[in-house]
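The values are calculated or read from the model by the stated rules, or taken from the named source; none is laboratory data. In this text the structure is predicted, and so the values were computed from the model without any measurement. Here Cβ is always computed from backbone atoms with ideal geometry, including for glycine, and neighbour counts include all displayed protein chains.
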Amino acid sequence: MDVVALVTGGNRGIGLEVCRQLARAGHTVVLTARSEDKAREAAGVLAADGLRVHPIRLDVTDPADSGRLAGELAERFGGLDVLVNNAAITYDTWQRASSPDLGVVREAMDTNLYGAWQVILGVLPLLRASGHPRIVNVSSGLASLTTMGAGSPAYRVSKTALNALTCVLADELRIDGVLVNAICPGWVATDMGGPGGRPVAEGAAGIVWAATLPDGGPTGGFFRDRKPVPW
């Protein structure tokens, strides 16, 4: 069975590795980035490894991009089975919630929450038509209210909100068979995470697990390395 999977922010870091692993698993992978050039360049990196993916420009904060997405996916690939909301910005380690730049917070919310939400709404008709629909929201352990601490307020709050959206959508879409989960990849050595983290392939593996869950798998959960993370 041909599975069509779309990854937002797929041109680098965790997103690029998720595209790599899904392509290796035989999925039809749509790699998106804010610019067409970045998407094509990343697709070229994977092509050098013998993996074919399909680059598409997608700025998750642009309603026009999200609005045209479903039509383009239906025309080119016949639908969509898996959405991985990976695009994220603003790991604001320099900020404190007691003295933030709220402009930075708003920018983080626009991408990390509203952008992901907007993309979901754009492709939801395609997912509902799929036989095995999956939504994976890439979150963070910093979003856990159970262990919440100080620092990185824009990133923390936006990802906590994404977790809430995960729960709400999972319950609403259960009747349609859409599995919706949030995944913490852990501290990964990427441009955003910085040096010293775990290998990118390890962080991406949990996301790919959620994207390839069997029917009847968990929904409305928060996981790291396939194990539940406290909300």
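Right, ARG198: touching a Gly at 6+ places or on another chain (Cβ under 7 Å) and modelled with pLDDT of 95 or more or not?
No: the conditions fail for ARG198.
Picking from LEU51, LEU46, which residue would you name as being over 18 Å from ALA116 (Cβ atoms), at pLDDT 95 or above, over 14 Å from the mean Cα position of the chain (by Cα) and not in a helix (DSSP H, G or I)?
Result: LEU51 is the single residue among LEU51, LEU46 that is over 18 Å from ALA116 (Cβ atoms), at pLDDT 95 or above, over 14 Å from the mean Cα position of the chain (by Cα) and not in a helix (DSSP H, G or I).
Would you mention how many residues in the range 21-41 are crowded, with 24+ Cβ neighbours inside 10 Å and closer than 18 Å to ARG57 by Cα?
Of the residues in the range 21-41, 5 are crowded, with 24+ Cβ neighbours inside 10 Å and closer than 18 Å to ARG57 by Cα.
Can you confirm whether VAL136 is touching a strand residue (DSSP E or B) at 6+ places or on another chain (Cβ under 7 Å), among the hydrophobic types (A, V, I, L, M, F, W, C) and either in a helix (DSSP H, G or I) or closer than 22 Å to VAL208 by Cβ (or both)?
Spelling it out, VAL136 is indeed touching a strand residue (DSSP E or B) at 6+ places or on another chain (Cβ under 7 Å), among the hydrophobic types (A, V, I, L, M, F, W, C) and either in a helix (DSSP H, G or I) or closer than 22 Å to VAL208 by Cβ (or both).
Kindly indicate the residue of the range 90-103 that is at pLDDT 95 or above and either in contact with a Pro (Cβ under 9 Å, 6 or more places away or on another chain) or not in a helix (DSSP H, G or I) (or both) and also surrounded by the most Cβ atoms within 10 Å (Cβ to Cβ) among those meeting that condition.
Among them, the one singled out is GLN95.
Taking the criterion of being modelled with pLDDT under 95, over 16 Å from the mean Cα position of the chain (by Cα), surrounded by fewer than 18 Cβ atoms within 10 Å (Cβ to Cβ) and of a type in the set (Lys, Arg), would at least one residue in the range 212-231 satisfy it?
no
Which pairs turn up if I take residues in the range 147-162 that are basic (Lys, Arg) and look for partners that are in a helix (DSSP H, G or I) with beta carbon separation below 7 Å, at least 6 apart in sequence or on another chain?
Sorted first by the residue in the range 147-162, then by its partner, the pairs are ARG156/LEU142; ARG156/ALA143; LYS159/ASN112; LYS159/LEU142; LYS159/ALA143.
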